[in-house]
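**Q** The structure's right below; bear with me while I get my questions together.
The values are calculated or read from the model by the stated rules, or taken from the named source; none is laboratory data. A quick note: this is a predicted structure, and the numbers were derived from the prediction, not measured. Ideal geometry is used to build each Cβ from the backbone, glycine not excepted, and the neighbour counts take in all protein chains shown. Protein only, heavy atoms only, side chains kept; ligands, DNA and RNA dropped before computing areas. Shrake-Rupley method; radii C 1.70, N 1.55, O 1.52, S 1.80 Å.
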Amino acid sequence: MTGLLQDLHYAIRQLRKSPGFTVVAVVTLALGIGANTAIFSVANGVLLRDLPFHDPQRLALLWSVGRDDNRDQLSFTDIDDYRSQNHVFENVVAFGNWSATFTGADTPARIPGMQVSDGYLSLMRVKPLLGRDFLPEEQIEGKDQVILLTYGLWQDRFAGDPQIVGKQLSLGGKPYTIVGVTPKGFPMLPVTLVDGPAQFYRPVAEKHDDKERFSRHLRAIARLKPGVSLEQAQADLQVVHRGLAKQFPDEYSTTGVRAVKLRDDITSGLRPALLVLLGAIGFLLLIACANVSNLLLARALARQKEIAIRSALGAKRARLVRQVLTESVVLALCGGAAGILLAFWSTNVIVAIGRKVIPQLAAVSLDGRVLAFTASLSLVTGLLFGLFPAVRVSAITLSDTLKEGARNISVSHDTFRKALAATEIALSLVLLAGAGLLLRSFSKLYGIDPGFRSDHLLTMEIALPSAKYPAGTDKPLAFYRDLLGRINALPGVERAGAVNVLPLGANFDTAGTEPEGFVHGPGETPYPERYIVTPSYLAAVGIRLVRGRLLTEADQENAPLVALISNTAAARWWPSQDPIGRRVKVPGFDYQPQPWRTVVGVVQDVKQAGLDAPPTMQIYLPHAQYRNGGLTLVVRTKSDPLNLAAEVRGQVTEVDPEQAVSNIASMDQVLFDSISSRRFSATLLGALAGLGLLLASVGVYGVISYGVSQRTREIGIRMALGAARGDVLSLVVGEGVKLLLLGVGAGAISSLLLTPVLSGLLFGVSPRDPVAFAASAVFLAAVALLACYVPARRASRIDPMVALRYE
């Protein structure tokens, strides 16, 4: 122990004597360890940390799955059957989105909530702070006008009134009785499952008879019984589903059911990108280690006489190795401490730019697990980059250093130092190639035609309360006619319209449609995306007409029923035929088919699920013939659309002072947000690649610069014998080119082997895309050559007389 303390004190003294070396080494390690800590903190918060629920490993989600294995939602009837017939769950609870306009306590506001069936709080192992949970009989329409407030909403909107239970409030134009308040810190389901975060809860209260089996718009969460595995639960659900398929073949012959652990469901879309980033930071740390190892080797070689003399005086080789390793570990711990400070800052930046893409990032922090990881990483890093220099230098003997050719000792280590630099170049090229592929993919994705014009377009959502504006009546129609007339009259507005579902938005609306003459098997009813639009919507958004005509003001409630369909729908339903004049049936508000509608036009496909999604079938219905209250305004403006947001919102208030709007945004922002996950991955990997390139260029500079210092006398002799500055410049740069070619070659091979892991993150780009590889190699070569040029230029200016007197 005494010897270790002596080594520690000696290492600190040595590092203090060389502040330049110490600062460079610590900063290099801080970049590598800090980046690792930041990305690990994200992975820890998203993939490793326990979910904020009681016994979260027993929570599972139930999904319906189709023939293509894509997951879908469930009907209330499905959930009721799985709940009553299973043998593996303590409880199964239905849930879904349900936002509403709050009035009466303050200005009208659209607030996100959830509808849940009875037993939700019990399943989550939570007791209300005030009041009670929902009762089974409150899951029936007419008895469902009760509400649970979250602690936050209770405090913000009702000032924490302790007598709030039993009071009424207006919710969506209907009176609701407050029956309870959830406790502070009540864990909410993530926004990957609901539109939330939910600020209130109401009963589901929907029909769940056999006629509603196709009404699949809900989700289910369940708690496994103790000792039951997910595999056992899946097998039990399959038995239930097979029984349903025998009884209702049309509804279940082409579907299945799947149970998924809640954590796995939440992280399934994030795991590939995070694993790629974890691999990238591993490469970055190796680059940093190679860099510092080179620095330590150069420093140790400069102290070779000191080490040789200590060896001659009796110091054993193991003690010498321990001394050098102690110095490297001290450097690593200092780098780790600085890396933690860097990680605090970089983690905040990552959370700021990514929390909209990955909501779970909001809970990311540098907790004890992350700090333990950093400490362990620092220790391992110190041993990793310090071991080889310690072993190599400890082998030097006094007789070697006293020989005339003692300088050749450093030359004998030159190969290893160059190999480290080439390795840095290779690793850096792998990072650059990966970042280049993601950037190329992002560029191609952003260039996809979404099927509409996003420029100068303002959007905002309106959800008219059904109590005041019943669906299917004239009231919603009159409201939107009045409102759109007012908006179209505003200065700076070119055209305004409304649609039930905004393209590339978070919501979907599909309808089981019956095309005339289209033959399909059981359970294969077409489900096109359904858009309910005002006549001016398509012109406002810029959706192009392919054939036929658009919807007009003449398509009113008393006119013949009409519809528009998309190119893809026309091709699938009536291939090689003219769809104009054909007829379709779509469900009404009660999910029963309406009378035949005539197709009067075909329009271009619109991207709804995402720019990278395949084309889908789409159908457009006139709002006058399919009146509902929930629409999104789209307003084409002559200038910045957000400048007119206040005026448009004011027109809504003038038409109905109790009506609120939500999700105000430009369509450019909606489009931008739709590809935010890919942009987030490309940004982080690009930043790591940039750091790797910086460290690699510093490593190349260090190797070439050290080589110049070792060959000062040789260069002086060459110049004294007539060598021109250009010759010296070529000589030194040539050494760098050799390193560059070796590193690029190894990096190219490694990239070809490793980049296929990015396949799931790419769009329209091959994992071995030659453009991305060539651009990465050229950029890396340019930076590396610049790092070589600086010491080469210094070498070309050596004074031969000074060089000949060198040592």
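**Q** Does region 583-599 include one or more residues that are touching a residue at least 24 places away in the same chain (Cβ under 8 Å), part of a loop (DSSP other than H, G, I, E, B) and among the charged types (D, E, K, R)?
**A** So the first thing to find is which residues in region 583-599 are touching a residue at least 24 places away in the same chain (Cβ under 8 Å), and the list is 583-589, 591, 593-599.
When the remaining residues are screened for being part of a loop (DSSP other than H, G, I, E, B), the result is 586, 588-589, 591, 594-596.
Next, only the ones that are among the charged types (D, E, K, R) stay: none.
No, the conditions are met nowhere in region 583-599.
**Q** Check Val257, Val181 and return the single one that is within 26 Å of Trp98 (Cα to Cα) and in contact with a His (Cβ under 7 Å, 6 or more places away or on another chain).
**A** Numbers: Val181 fails: in contact with a His (Cβ under 7 Å, 6 or more places away or on another chain).
That would be Val257, the only listed residue that is within 26 Å of Trp98 (Cα to Cα) and in contact with a His (Cβ under 7 Å, 6 or more places away or on another chain).
**Q** Follow-up question, since we're still on this one. Of the residues Leu301, Leu284, only one is at pLDDT below 85, within 24 Å of Val700 (Cβ to Cβ) and either in a helix (DSSP H, G or I) or open to solvent by less than 10 Å² (accessible area, probe 1.4 Å) (or both); which?
**A** On the way: Leu284 fails: at pLDDT below 85.
Exactly one residue qualifies, and that residue is Leu301.
**Q** Follow-up. Can you tell me which residue among Ala723, Ala748 is open to solvent by 20 Å² or more (accessible area, probe 1.4 Å), aliphatic (A, V, I, L, M) and not in a helix (DSSP H, G or I)? Spell out the reasoning first.
**A** Values: Ala748 fails: not in a helix (DSSP H, G or I).
After applying the criteria, what remains is Ala723.
**Q** Related question: Looking at region 352-388, which of its residues are open to solvent by less than 30 Å² (accessible area, probe 1.4 Å) and within 17 Å of Thr267 (Cβ to Cβ)?
**A** Within region 352-388, Gly354, Ile358, Leu361, Val364 meet the criteria.
**Q** Starting from region 363-375, keep only residues that are of a type outside the set (A, V, I, L, M), then list their pairs with residues that are at pLDDT below 80 whose Cβ atoms are within a distance under 8 Å, requiring at least 6 positions of separation or different chains.
**A** Cβ pairs passing all conditions: Asp367/Arg49; Arg369/Leu48; Arg369/Arg49.
**Q** Select from region 613-627 the residues that are out of contact with any Ser or Thr (no Cβ under 9 Å at 6 or more places or on another chain) and crowded, with 17+ Cβ neighbours inside 10 Å and write down the one among them that is farthest from Pro503 (Cα to Cα).
**A** Step by step, filter region 613-627, then rank; the result is Gln625.
**Q** How about region 433-457: which of its residues are over 30 Å from Leu538 (Cβ atoms) and open to solvent by less than 20 Å² (accessible area, probe 1.4 Å)? Give the derivation first.
**A** Restricting attention to region 433-457, the residues satisfying the condition of being over 30 Å from Leu538 (Cβ atoms) are 433-441.
Within region 433-457, Ala433, Gly434, Ala435, Gly436, Leu437, Leu438, Ser441 meet the criteria.
**Q** Looking at region 86-109, which of the residues that are more than 20 Å from Lys261 (Cα to Cα) and either β-branched (Val, Ile, Thr) or modelled with pLDDT of 90 or more (or both) is least open to solvent (accessible area, probe 1.4 Å)? Outline the logic, then answer.
**A** Residues of region 86-109 more than 20 Å from Lys261 (Cα to Cα): 97-109.
With the extra rule that they be either β-branched (Val, Ile, Thr) or modelled with pLDDT of 90 or more (or both), the set shrinks to 101, 103, 107.
Numbers: Thr101: 6, Thr103: 25, Thr107: 92 Å².
For region 86-109, the residue satisfying everything is Thr101.
**Q** Which one is modelled with the lowest pLDDT among residues in region 757-807 that are open to solvent by less than 40 Å² (accessible area, probe 1.4 Å) and not in a helix (DSSP H, G or I)?
**A** Ile798
**Q** Which condition breaks for Ile580 when tested against (1) open to solvent by 30 Å² or more (accessible area, probe 1.4 Å); (2) modelled with pLDDT under 90; (3) of a type outside the set (Phe, Trp, Tyr)?
**A** (2)
**Q** Mind checking which strands (runs of 3 or more DSSP E) fall wholly inside region 525-569 and carry at least 2 residues that are open to solvent by less than 10 Å² (accessible area, probe 1.4 Å) and of a type outside the set (Phe, Trp, Tyr)?
**A** Working: elements: 529-533, 545-548, 562-566.
Here the list reads 529-533, 562-566.
**Q** Within the set of pairs 6 or more residues apart or between chains, which connect a residue that is in contact (Cβ under 8 Å) with a residue 12 or more places away in the chain inside region 765-785 to a residue that is loosely packed, with under 15 Cβ neighbours inside 10 Å and assigned to a helix (DSSP H, G or I) with Cβ atoms less than 7 Å apart?
**A** Pro767/Pro756; Pro767/Ser759; Arg768/Leu752
**Q** Touching a Leu at 6+ places or on another chain (Cβ under 8 Å) and crowded, with 18+ Cβ neighbours inside 10 Å, is that true of Arg223?
**A** Numbers: touching a Leu at 6+ places or on another chain (Cβ under 8 Å): yes; crowded, with 18+ Cβ neighbours inside 10 Å: yes.
Answer is yes for this residue.
**Q** Then there's this: Give region 181-214 a look and list any residue that's in contact with a helix residue (DSSP H, G or I) (Cβ under 6 Å, 6 or more places away or on another chain), basic (Lys, Arg) and surrounded by 18 or more Cβ atoms within 10 Å (Cβ to Cβ), or say none.
**A** Arg213 - this is the single residue of region 181-214 that is in contact with a helix residue (DSSP H, G or I) (Cβ under 6 Å, 6 or more places away or on another chain), basic (Lys, Arg) and surrounded by 18 or more Cβ atoms within 10 Å (Cβ to Cβ).
**Q** It is to be established whether one or more residues within region 271-279 are touching a Pro at 6+ places or on another chain (Cβ under 7 Å) and either in a strand (DSSP E or B) or not small (Gly, Ala, Ser) (or both). Reasoning before the result, please.
**A** Quick first cut of region 271-279, residues touching a Pro at 6+ places or on another chain (Cβ under 7 Å) only: none.
Scanning region 271-279 turns up no residue that is touching a Pro at 6+ places or on another chain (Cβ under 7 Å) and either in a strand (DSSP E or B) or not small (Gly, Ala, Ser) (or both).
**Q** Is region 671-691 home to any residue that is among the hydrophobic types (A, V, I, L, M, F, W, C), over 26 Å from Leu761 (Cα atoms), open to solvent by less than 40 Å² (accessible area, probe 1.4 Å) and at pLDDT 85 or above?
**A** Just the residues of region 671-691 that are among the hydrophobic types (A, V, I, L, M, F, W, C), to begin with: 671-672, 675, 680, 682, 684-685, 687-689, 691.
Pick out the ones that are also over 26 Å from Leu761 (Cα atoms) and you get none.
The answer is no, given that none of the residues of region 671-691 is among the hydrophobic types (A, V, I, L, M, F, W, C), over 26 Å from Leu761 (Cα atoms), open to solvent by less than 40 Å² (accessible area, probe 1.4 Å) and at pLDDT 85 or above.
**Q** I would also like to ask the following. Name the residue that is nearest to the chain's Cα centre (by Cα), counting only residues in region 166-180 that are surrounded by fewer than 19 Cβ atoms within 10 Å (Cβ to Cβ) and in a loop (DSSP other than H, G, I, E, B).
**A** That would be Gly173.
**Q** Next up: Of all residues in region 671-706, count the ones that are in a helix (DSSP H, G or I), touching a Phe, Trp or Tyr at 6+ places or on another chain (Cβ under 7 Å) and within 30 Å of Leu611 (Cα to Cα).
**A** Within region 671-706, the subset in a helix (DSSP H, G or I) is 671-674, 676-706.
Cutting the leftovers down to touching a Phe, Trp or Tyr at 6+ places or on another chain (Cβ under 7 Å) gives us 678-679, 682, 692.
Those left that are additionally within 30 Å of Leu611 (Cα to Cα): 678-679, 682.
Of the residues in region 671-706, 3 are in a helix (DSSP H, G or I), touching a Phe, Trp or Tyr at 6+ places or on another chain (Cβ under 7 Å) and within 30 Å of Leu611 (Cα to Cα).
**Q** Would you mind finding the one in Asp209, Asp161, Asp156 that is in contact (Cβ under 8 Å) with a residue 40 or more places away in the chain, of a type outside the set (Phe, Trp, Tyr) and over 17 Å from Val126 (Cβ atoms)?
**A** Numbers: Asp161 fails: in contact (Cβ under 8 Å) with a residue 40 or more places away in the chain; Asp156 fails: in contact (Cβ under 8 Å) with a residue 40 or more places away in the chain.
Answer to the selection: Asp209.
**Q** So how many residues does region 633-670 have that are assigned to a helix (DSSP H, G or I) and either open to solvent by 50 Å² or more (accessible area, probe 1.4 Å) or closer than 30 Å to Pro272 by Cβ (or both)?
**A** Residues of region 633-670 assigned to a helix (DSSP H, G or I): 641-655, 667-670.
Among the residues that remain, those that are also either open to solvent by 50 Å² or more (accessible area, probe 1.4 Å) or closer than 30 Å to Pro272 by Cβ (or both) are: 642-643, 646-647, 649, 653-654, 667-670.
Result for region 633-670: 11.
**Q** Checking the structure you have, find out if any residue of region 508-518 is open to solvent by less than 10 Å² (accessible area, probe 1.4 Å) and in a strand (DSSP E or B).
**A** Going residue by residue through region 508-518, those that are open to solvent by less than 10 Å² (accessible area, probe 1.4 Å) are 511, 513, 515.
Then keep just the ones that are in a strand (DSSP E or B); that gives 515.
Checking region 508-518: at least one residue is open to solvent by less than 10 Å² (accessible area, probe 1.4 Å) and in a strand (DSSP E or B).
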